[in-house]
Every structure is written in C-alpha cells, then in structure tokens.
Amino acid sequence: QVQLVESGGGLVQAGDSLRLSCAASGRTFSSYAMGWFRQAPGKEREFVAAISRSGDTAYYPDSEKGRFTISRDNAKITVYLQMNSLKPEDTAVYYCAAARLFPVRDEWDYDYWGQGTQVTVSS
C-alpha cells in the first residue's frame, strides 16, 4: 500500500517555474515507478512524466520534452515535477501516481493515486 500526497501547486504567471512534490508513505516506495498526470477542466486526464524505480530513467510524452523534469529521492520517499516556462494551457490539477511497470503512460497501469494539486497559470 502506498499513500501519496501532492503539494506545491498554486497560481503563477506565464513563463514562471513551479516545482511539485509528491510525498509517499509506506516502505515499498522504491518498488514503484512513479508518474505525473494532469487533468484540465472538461478534459481527460493526460500523462505528463514517469520515472523508474531507481530514478535513473525518465519518460515523457513528446509534447512536454524540455519543459518538465521528473525526479525522485527514494531516501525522502518523494517524487518531484519541475515545470519551467509555464503556459496558461498547463493549468490543471496535477496528480502523482505509482505503478509496478515502467515505462507506462496509461492511467490504468497505475495502482495508487494522490488527491492532486491545482496549478493555475495566468496569461
């Protein structure tokens, strides 16, 4: 069992940076690959990034390469999402999730989810 709690969201301006954190509980954190998803109002949840159990490999959709960086600290049982050059279209609720497989981008492959943190980017 893994419990996930996101933090770090907020209201920022276009071009700003933001770092999201996802703190996990449970002794099996390092057994899971981790991912970030987001869901904008009226849209389906979409994959943002994933990272392997050890943290040595990251996986991104082509649309986000270069602006977002996922990382993890297994000693702190935390995964991060660094977001740079934010755009209004990045406005969404951001979720972290844990998966036994890697790399996977389908939300159905993720076993545990956090409650989400709101990111709002103003123009």
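The values are calculated or read from the model by the stated rules, or taken from the named source; none is laboratory data. Because the structure is a prediction, the values reported are computed rather than measured. Here the Cβ is made from the backbone with ideal geometry for all residues, glycine too, and neighbour counts use every protein chain on show. To get the accessible areas, we keep the full protein, side chains included, count just its heavy atoms, and leave off ligands, DNA and RNA. Shrake-Rupley method; radii C 1.70, N 1.55, O 1.52, S 1.80 Å.
Determine the per residue accessible area of the chain with all protein chains present and a 1.4 angstrom probe, expressed in square angstrom. Let's see the in-between values first.
On the way: 6420 Å² over 123 residues.
Averaged over the residues of the chain, the accessible area is 52 Å².
At a 1.4 Å probe radius, carbon and sulfur cover how many percent of the accessible area of the chain? Walk me through the numbers before you get to the answer.
On the way: 2890 of 6420 Å².
For the chain, the apolar C and S fraction of the accessible surface comes to 45 percent.
Taking the Cα centre of region 1-102 as reference, the dipole from Cβ charges on Lys and Arg (+1) and Asp and Glu (-1) amounts to some 300 debye. Extending 7 Å from Cα along the Cβ direction at Gln118 and again at Asp73 yields two label points whose distance is 2.8 nm. Shown are Phe37, Phe102, whose ranking by accessible area with a 1.4 Å probe and every protein chain present, most to least, is Phe102, Phe37. Students often get this wrong: which residues of region 81-96 have the backbone nitrogen under 15 Å from the point 7 angstrom along Cα-to-C-beta of Arg45? Once the point is set 7 Å along Cα→Cβ of Arg45, 92-96 turn out to lie under 15 Å by backbone N, inside region 81-96.
As a length-normalised measure over Cα pairs under 8 Å and 6 or more apart, the relative contact order of the chain settles at 36 percent. Note on Glu107: accessible area approximately 50 square angstrom, rounded to 10, probe 1.4 Å, nucleic acids and ligands left out.
Contour minus end-to-end for Ser63 and Gln1, with contour as 0.36 nm per residue of separation and end-to-end as the Cα-Cα distance? Each step should come with its number before you reach the end.
Values: separation 62, 0.36 × 62 = 22.32 nm, distance 3.18 nm.
That works out to 19.1 nm of additional length.
So if we plug the beta-carbon distance of Ser17 and Arg100 into 1/(1 + (r/R0)^6) with R0 = 25 Å, what FRET efficiency do we get, rounded to 0.05? Can you show the working numbers first?
On the way: r = 31 Å, r/R0 = 1.25.
Computed FRET efficiency for Ser17 and Arg100 comes out at 0.20.
Of the residues Pro88, Pro61, Pro41, the one that moves most in a GNM of the chain with alpha-carbon contacts below 10 Å is Pro41.
If you keep only loop residues by DSSP, which trypsin sites (Lys or Arg not before Pro) in region 1-69 have at most 14 other Cβ atoms within 10 Å of their Cβ?
Values: sites: Arg19, Arg27, Arg38, Lys43, Arg45, Arg53, Lys65, Arg67; in loops: Arg27, Lys43, Arg45, Arg53, Lys65, Arg67.
Those satisfying the criteria are Arg27, Lys43, Lys65.
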